[in-house]
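Here's the structure we're looking at; comments come further down.
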Amino acid sequence: MSYQVLARRWRPKRFADVVGQEHVTRTLQNAIRQGRLAHAFLFTGPRGIGKTSTARILARAVNCPNMESSGAAEPCNECETCRALLEDREMDVIEMDAASYTGVDDIRRVIENCRLAPVAGRMKIYIIDEVHMLSRSAFNAFLKTLEEPPAHVIFILATTDVQKVPATILSRVQRFDFRPVQPVDTAPYLGKICEHEGWPAEEEALWLIARRAEGSLRDAEGLLDQVVSYAGGKVTLQAARETLGVLPGELLAEATELLVSNSVRSVPAYLEQLALRGVDYTQLLKDLQSYWMDLIFIKQGLPVKGRVDVEIEQMQKAGAELSVEDLFRLIRLAERLEDDLKWSTAPRVRFEVSFVRWASLDRVATIRDILDRLGTSTGGTAPPARSEAVAPPREAKTPAAPQSPRAATPSADAVTLDTLRQKWPEITAALRKRNQAAAATAEKSWVLEAFDGRKLTVSCTMPGKFATDSMKESFAHLAAAIQDVCGITPILVAGAARPEAPQPDEPAKPATPPSGDDLFSNFMSRFGGVEIDPNQAREPK
Amino acid sequence: MSTSFHSRVVGQREARARLSDAVRSGRVAHAYLFSGPRGVGKTALALEFAALLLCEREGAEPCGECVNCPASLALRHPDLHLIYPLPSKKAGSTEDDEREFAAVIATQNAALAKDPYTFLRPAKAKDVRISLVRGLIHHASMKPYQARRKVLIVLQADAMNTQAQNALLKALEEPPSNAYFLLTTENEGGLLQTIRSRCQRVRLAPLSSEEVADALVKSGVAGPQAELAAAMSGGSLSHARELSRDNLEDLQRRVIAFLRAAAVCDPVELRKVTATLLDSDQMPEQTALEFIGLLLRDVALSRIARNAARHPVTFRGFEDRIDAILLAYPEADFDAAARAVDVSADYLARGYTRDFVMFALAIRLHEALGPRTKSSTKQTRLDHA
């Protein structure tokens, strides 16, 4: 007998052995006990979590003669029927590989054969694995039988890809969704295996494997196999790290630290380390994203699943200086690079150059802090600025007159409310390039209210929620426009709507009723329309 | 210990040790997935492992002398089945076609047996035919003829389409006893999770430049050329071999001229330089792009690592040029530049005109490298992803 991998040797043989799927096994066991078992099941869920195993257990439980006497709704695994099944020589349980036998003829054969009574047991059980691969006509041919099979037949369909199963099939079966196995369940289970096999195991190593398995018990067992054969009959953290090619938390923590601190000089060494390991950069980016996402959770005081305490502490340390916003930005950057890497011919170059850039981003954060400080210092002079805010910046309608007499020339670095107001014509011009409709309403009715170096309050002079909402929808464009003109990206906040009497310099407007205006501007911003003077438009005729 | 066997696997000592340990301790899993970048020795290692599994003596490496070894190393063993991407079957295939097909396989196998590092997909080979996968599963169900085991290999397994991958699932999970599946892939993401989950994974890291250069010199490449190719290869022996076919030093000069013209972005000069750059019997533009990418990487890394203990450049002896670029373009956005190079490579692969692609690249590089007037805009730009 050749060596069997753990995943096969430890295939669960009783419902109680199936890890992390109590919601399925309990339901099935109760159904068996009460004799209310359905005639068709669909087991779905990601790879390696017990779909096929549960199907086989169910098949044995149904036919096991000792089941009723035991009362536990478990197959005895000792009687002749169970043993035959375990050894795969049972006539009444037919396991079909739907991925190899996909055609309508294969299903017709099943349909014909299922009419015959079982040979030995009570029931005839068809396990149709990878059922998502059946052809369309095969599925359709199956429908009638699946709905009303002979009384002695149970169908168990199993698939990882339930999307591909037609709705007509889904509605005829009892569906069970298997859940990814949580590391909390996986790690003790691996511990149990090690104990049985007589391998001394380090707790942390088991956790590492459990996490790396990403919810699949079979993956976990495969990894354990690998670690054990590497370390020669024991499971150590060291061996786990070396064999799995895992990106241990440290590698991710190091990346995070490098991106925060000013130690850009250590970046090349880090990148070299990655290259020597032969890291899969796409995978690394994925890991970084989930690492940062979890870090955000931790920062918000939310529970993080599947990370051990030691690791969480380490994460907190690594990301101590990062704000939630920074993390979101990093995730976004990583996500975009990951997208690029899909078609890249030189992933390593792309990753390294981008990483270098991210590592120099931290200076942005420091500049931001400076801005913050500048913002609070101008905050002291805010009241006078606020009083000026009433005068809408749209006074200066043409970009030809950017200089407003009331504002002193601002320093190049510090952008203040005055600078922004002064540059408003330029900003709207930049906005026009991005979104004409937004620019049109911006010129007419948006007022820069306050700016603290970071947060820019903009309010809308037009009454109604529509106007404010449509303004908010255009904030992304406005931010980009401000970015183009002033080189900063303020956080835009909508101020309270300030319905204003129409300004004297706009006597032509009142013709439109205010409610129509709301609708109008909303339409414009939603559909990107351009305002055309009806008189002018008519002229050509 | 063995006399007639010489391993053709370059480097990868750890992975080899792991596999021979598995054989020695009798803990061979029924399915292995060899993954790693191109040209690091996945096929070479898989074929050698196959020979080891079939070898009578079960030592640390195939003995090369028993009844099985010579046949399995030549890929002619009855218990060794090997499939890979092949041109798809025509609808009304005649006997001639089939014969031609068999001939393709024969040449392919011979080439592989001779040198596992230069596996080339046959022309028009898009995927691993499902009929071949079914055949492989069928072979797996038979008893071994001669050796104690059967080995079934799928090279470039990610080239199996969804049906083929699915068809393999059951066999991969619970193969008949004594059947062993070996899969190789450059792109793990191209395999179903269900496939990956059923295999023991053997990840191969890039080779060191020394290992690559060594192997190249052994195969007769001149020293400096070998070193340059090794440095550029990123640890891929196959790639280094391809690179070493171009005259790299000459190409390097032409690339530098191109970059200089791109920085100025003078159309006339650019046309001339592009013409010289592309003037070669080989197809050097992908190599040229690679060169530009690596150079940009060197410069980007040097900018931040100026005073670091180690200067992590790909191209040794280029430090002066790198410093010159850094001085000339203090504001350069290397990330954008690297992206431009990458995009160009993609365009070339899709068959855009070479001149057009290189011209567009020159303009993009000019934009990315060109000094900017506003220093503050650039830094906060990063913010707005």
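Remarks
- Relative to the current alpha-carbon distance between A:Glu195 and A:Ser135, full extension at 0.36 nm per residue lengthens the span by 17.1 nm.
- Along each principal axis, taking the top coordinate minus the bottom one, the Cα set of region A:1-46 gives 41, 23, 20 Å in descending order.
- Oblate is the label for region A:237-298, because a/c, from the alpha-carbon gyration tensor with a ≥ b ≥ c as root eigenvalues, is 1.5 or above and a/b does not exceed b/c.
- Computing FRET efficiency as 1/(1 + (r/R0)^6) for B:Ser208 and B:Cys265, where r is the C-beta to C-beta distance and R0 is 45 Å, gives about 0.70.
- Where Rh is the Kirkwood radius over Cα pairs, Rg/Rh for region B:160-215: 1.12
- Axis angle, to the nearest 10 degrees, between helix B:42-54 and the longest C-alpha principal axis of chain B: 20 degrees.
- For region A:183-244, the equivalent ellipsoid derived from the Cα gyration tensor has semi-axes of 15, 12, 10 Å, listed largest first.
- Take the Cα of A:Gln174, step 7 Å toward its Cβ, do the same at B:Ser131, and the gap between the two points is 4.4 nm.
- Amide H partners (placed H, <5 Å) of A:Leu157, local residues excluded: A:Phe41, A:Leu42, A:Phe43, A:Ile128
- Coupling constants for region B:100-110 follow from the phi torsions by the Karplus curve (6.51 cos²θ - 1.76 cosθ + 1.60, θ = phi - 60°), and in residue order they are 4, 4, 4, 5, 4, 4, 4, 5, 4, 5, 4 Hz; glycine and proline get x.
- DSSP-defined antiparallel bridges as percent of all bridges, chain B, nearest 5: 10
- Rg over Rh [alpha-carbon atoms, Kirkwood Rh] for region B:13-205: 0.94
- Region A:249-369: mean projected area of Cα convex hull, nm²: 7.4
- Each 10 Å bin, from zero up to the one with the longest distance, holds this percent of the alpha carbon pairs of region B:80-186: 14, 45, 35, 7.
- Here is the P(r) of chain B: all C-alpha pair distances, binned every 10 Å from 0, give 5, 20, 26, 22, 16, 9, 3, 0 in whole percents.
- Scaling against 2.2 N^0.38 Å puts the C-alpha radius of gyration of region B:12-115 at 1.25.
- Put a dot 7 Å past the Cα of A:Arg122, heading toward its Cβ, do the same for A:Asn30, and the two dots end up 2.0 nm apart.
- Stretching the chain fully between A:Glu426 and A:Glu148 yields a gain of 92.8 nm (0.36 nm per residue, less the alpha carbon separation).
- Cα convex hull of region A:6-177 - mean projected area over all directions, nm²: 9.2
- Region A:153-208 has equivalent-ellipsoid semi-axes of 37, 13, 8 Å, by the square roots of 5 times the alpha carbon gyration tensor eigenvalues, sorted largest first.
- The angle separating the long axis of helix B:334-349 from the principal Cα axis of greatest extent in chain B is about 50 degrees.
- Inverse mean reciprocal Cα-Cα distance (Kirkwood Rh) of region B:134-250, Å: 16.7
- Excluding exposed DSSP-loop chymotrypsin sites (Phe, Trp or Tyr not before Pro) (at most 14 other C-beta within 10 Å), longest clean stretch of chain B: B:146-351
- The gain in end-to-end length when the B:Thr276 to B:Ser141 segment is fully stretched comes to 42.8 nm, 0.36 nm per residue minus the alpha carbon separation.
- One compactness figure for region B:246-372 is 1.01, namely its Cα radius of gyration divided by 2.2 N^0.38 Å.
- Among B:Lys170, B:Lys124, B:Lys150, residue whose mean-square fluctuation peaks in a GNM of chain B (springs only between Cα atoms under 10 Å): B:Lys124
- Within the listed set B:Ala31, B:Ala275, B:Ala164, the residue fluctuating most in the Gaussian network model of chain B (springs between alpha-carbon atoms under 10 angstrom) is B:Ala275.
- Cα-Cα over 22 Å, subset of A:Lys13/A:Lys192; A:Lys144/A:Lys164; A:Lys13/B:Lys143: A:Lys13/B:Lys143
- Model label sites at A:Glu78 and B:Val67, defined 7 Å from Cα along the beta-carbon direction, differ in position by 4.6 nm.
- Protection proxy ranking, peptides B:190-201, A:31-42, average beta carbon neighbours within 10 Å, highest first: B:190-201, A:31-42
- GNM flexibility winner over chain B from B:Gln286, B:Gln163, B:Gln252 (Cα, springs under 10 Å): B:Gln163
Readers should treat all values here as calculations from the given coordinates under stated rules, not as data from a laboratory. For clarity, every value in this text was computed on a predicted model and none was experimentally measured. Using ideal geometry, Cβ is built from the backbone for each residue, glycine included, and neighbour counts are taken over all protein chains shown.
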